[in-house]
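Step one of this worksheet: look at the structure below.
Values in this text are rule-based calculations from the coordinates and carry no lab data. Since we're looking at a predicted model, the values are computed, not measured. Don't worry about glycine lacking a Cβ; one is built from the backbone with ideal geometry, like all the others, and counts go over all protein chains shown.
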């Protein structure tokens, strides 16, 4: 008889606990809108024929109201350092910034960037007056520069398994 009482109590307890419902808690933050349930990978913007010279104080500022940068996003900027000729069109070789170019006589120029939620500022730095650079024939560093801005979730950017040194590596990771 004791076994029947224990089974009856256990059965009533299981039915009673299964019917319990508590406070559902607050709703979580909204997720990223995707296309047909695809994951959000990021945003890419190409900037062509950018001049970094004395006329703009060796600074170029990019902003676009249609691009949203979140607190946990990583902003990466790549500079095209060369290209490969292809019958279908030249293929740019992208290198992650900052990039340093060294000259004989211990001179160096750095292509660098900073960003906020609203803009990306690309600029040159050097250990000599940049005005001297514009007077010399260093057009390959200052004129018609190609940049690519990539915004990715920081979880992706901080993953040690992802190599972001070149844009091609970034494409291979996604």
Cut-off 20 Å, label 7 Å out along Cα→Cβ of residue 55, residues of the range 80-121 by amide N: 121
Residue order, fewest to most surrounding Cβ atoms within 10 angstrom, among 63, 126: 63, 126
Residue order, fewest to most beta carbons within 10 Å, for 78, 138: 138, 78
123, 70 arranged by Cβ crowding within 10 Å, fewest neighbours leading: 70, 123
Spacing of the two label points (7 Å from each Cα toward its C-beta) at residue 102 and residue 143, in nm: 2.8
